[in-house]
1. Test of understanding: what is the full-extension gain from V333 to V352, defined as 0.36 nm times their sequence separation minus their Cα-Cα distance?
2. Going by average Cβ neighbours within 10 Å, how do the peptides 165-178, 323-336 rank, with the highest at the top?
3. What is the fewest-to-most order of H160, H141 by other Cβ atoms lying within 10 Å of their Cβ?
4. Just from its helices, what would the mean residue ellipticity at 222 nm be for the chain, if runs of 4 or more DSSP H residues each count -39500 (n - 2.57) and the sum is divided by every residue, rounded to the nearest 500 deg cm²/dmol?
5. Can you give me the distance in nm between label points at D285 and E193, each placed 7 Å from the Cα along the Cα-to-Cβ direction?
6. Taking the dipole about the Cα centre of the chain, with the C-beta of Lys and Arg at +1 and of Asp and Glu at -1, give me whichever of Q96, H321, A161 is farthest to the positive side.
7. Given R₀ = 22 Å, FRET efficiency for N257-R121 by Cβ-Cβ distance, to 0.05?
8. Among DSSP beta bridges lying fully in the chain, give the percent that are antiparallel, nearest 5.
Amino acid sequence: MSDEKKYWIGFNLVRGIGSVRFQQIKNYFGDLSVAWNAPGESFKQAGLPGRAVTNFLKLRKQIDLDKVYESILEKDIKVLTLLDDDYPRLLKEIDQSPPVIYVKGALTPADEFAIAIVGTRRVSEYGQQITRDTSIFLAGHGLTIVSGLARGVDGIAHRHALEAGGRTIAVLGSGVDVIYPPEHRKLAEAISENGAVISDYPLGTQPEGVNFPPRNRIISGLSLGTIVVEAGDRSGALITADFALEQGRDVFAVPGNVLSPASRGTNRLIQNGAYAMVSPQDVLDVLNLSELESIKTARQVLPADKTEARILQVMNFEPMHIDEICNEVSLSVDKVSAALTMMELKGLVQHVGAMRYAVVREFS
């Protein structure tokens, strides 16, 4: 058992301590074990509001962290923190990444190539067909489908991703042990066997309405882009689209009948600059993923050391400036430049000019 991880879980259990206040605690105390055992006054000095401090002190008296962590593991649930190597890279890149996520199933490197499909719960026959066809097509091309397990578009996207033999991730607005809606329990089980059911809410958290807008940032954060199939004026899918834009991710919207309330949100997204998705191939073209299997292969071929492996993890066929690569892998220019030179000789990457590099499409 990781002694450090149990303290991450402990603070995640405290009402009023989210990603921002979590970071305040880490910055002030440096070590979460120190923070967990610190006097209440020091939390006020760290800048936490009184109610959050009260909640923490009350919880600390009531729980045994070792038992809490053991009970999570006994339920075959994995806990990932921002310090873990297998914490999703795309999610780690967003502002206010969730400090802790609970995973039922497994996240894999293949899930870096993910697309979110979201939309209304009251989906029309048109929306059902588009969701089905898009999920099958993208899952069949190696993309992981991310959605929220809700009724309507979400459930359809998950089901057809699985039927296509693909991977899918469901992000909940409750604990991963509290499936909502209840009629999706079997679907959640199937997802955990061929993907993952995840949440940043502690086990036992009920699906309250206030939980769902924040969880939408995780749906978009896990994904290279977000597709909105149908959405009314006040649809939660539009919140997901807003988060995607804030996170620098692409947004796709399916054009709909201008007289249909279910298409008002998507048509407005297109008016405001979202990509109009008239075919799922549009997603592959915009994201430069038409040769996804080759990209995945490129990330696995002949990395001589951890540096080369890390560089391949962040690159694809789209040219990247060396400074951008350095930022992504958190290494010096000298080290990255030397690695790129060797990778060029191996035929893994190519220099396309102006200090920009891209993965080679065919390997010798």
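Each reported figure results from applying straightforward, stated rules to the coordinates on display, with no laboratory input. On a predicted model such as this, the values are computed, not experimentally measured, just so you know. We place every Cβ from the backbone using ideal geometry, glycine too, and count neighbours over all the protein chains shown.
1. Working: separation 19, 0.36 × 19 = 6.84 nm, distance 1.74 nm.
Roughly 5.1 nm would be gained on extension.
2. Most protected by this proxy first, the peptides run 165-178, 323-336.
3. Listed from fewest to most nearby Cβ atoms, that is H141, H160.
4. -13000 deg cm²/dmol
5. About 3.8 nm, to one decimal.
6. Projecting each Cα onto the dipole axis, the largest value belongs to Q96.
7. 0.75
8. Antiparallel bridges make up about 40 percent of those DSSP assigns within the chain.
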